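**Student:** This is the structure I have questions about; it appears just below.
The values are calculated or read from the model by the stated rules, or taken from the named source; none is laboratory data. Computed from a prediction, not measured in an experiment: that's the story for all the values here. Methodologically, a virtual Cβ is constructed for each residue, glycine included, from the backbone with ideal geometry; neighbour enumeration extends over all protein chains shown.
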Amino acid sequence: KWATAYEKAGIEVRMAIQIAKARERAQLTQGQLAKAIGTTQSVISRIERADQNLTLETLSKIADALHSNLVVQLR
C-alpha cells in the first residue's frame with residue numbers, strides 16, 4: 001500500500017521523503033542540516049513537506065551534507 005502511494009506521489013513528495021529519511025539516517029536535526037547547507041530550519045521543514053521549490057544546487061548541497069550521491073535521470 002505504501003509503495004503504491006509513493007509511486008503515485010509527485011516527484012516533489014518523493015524527494016521530500018527521501019531527504020527526510022536520509023537526514024534521519026544521518027542523525028541530524030533539521031536545524032543541523034540547515035546550518036550545514038547555509039539556510040534555516042524553516043527552509044528544511046518546507047523542503048521535507050514538499051512545500052519548497054528546490055534547485056539542483058540546493059539538492060547538491062543537501063546530498064553533500066548527508067554524505068549521499070545526487071542522481072538525476074531522464075527516462
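**Student:** Glu24 - would you say it is acidic (Asp, Glu), at pLDDT 95 or above and part of a helix (DSSP H, G or I)?
**Tutor:** Details: acidic (Asp, Glu): yes; at pLDDT 95 or above: yes; part of a helix (DSSP H, G or I): yes.
In short, yes.
**Student:** Right, something else. Only one of (1) assigned to a loop (DSSP other than H, G, I, E, B); (2) surrounded by 10 or more Cβ atoms within 10 Å (Cβ to Cβ) fails for Leu74. Which number is that?
**Tutor:** Every condition holds for Leu74 apart from (2).
**Student:** Give the residues of region 10-28 that are more than 11 Å from the chain's Cα centre (by Cα), of a type in the set (S, T, N, Q) and surrounded by 14 or more Cβ atoms within 10 Å (Cβ to Cβ), sorted by residue number.
**Tutor:** Listed by number, the list is empty, since nothing qualifies.
**Student:** Output the residue which, of all residues in region 29-67 that are among the hydrophobic types (A, V, I, L, M, F, W, C) and part of a loop (DSSP other than H, G, I, E, B), is surrounded by the fewest Cβ atoms within 10 Å (Cβ to Cβ). Before you say what the answer is, go through the steps one by one.
**Tutor:** Within region 29-67, the first condition is being among the hydrophobic types (A, V, I, L, M, F, W, C), and the residues that meet it are 33-34, 36-37, 43-44, 47, 50, 54, 56, 59, 62-63, 65-66.
From the residues that got through so far, the ones that are part of a loop (DSSP other than H, G, I, E, B) too are 50, 54, 66.
Values: Ala50: 19, Leu54: 15, Leu66: 21.
Only one residue tops the list, namely Leu54.
**Student:** With respect to the numbered conditions (1) hydrophobic (A, V, I, L, M, F, W, C); (2) exposed (fewer than 15 other Cβ atoms within 10 Å of the Cβ); (3) touching a helix residue (DSSP H, G or I) at 6+ places or on another chain (Cβ under 7 Å); (4) in a helix (DSSP H, G or I), which one is the sole condition not fulfilled by Ala3?
**Tutor:** (3)
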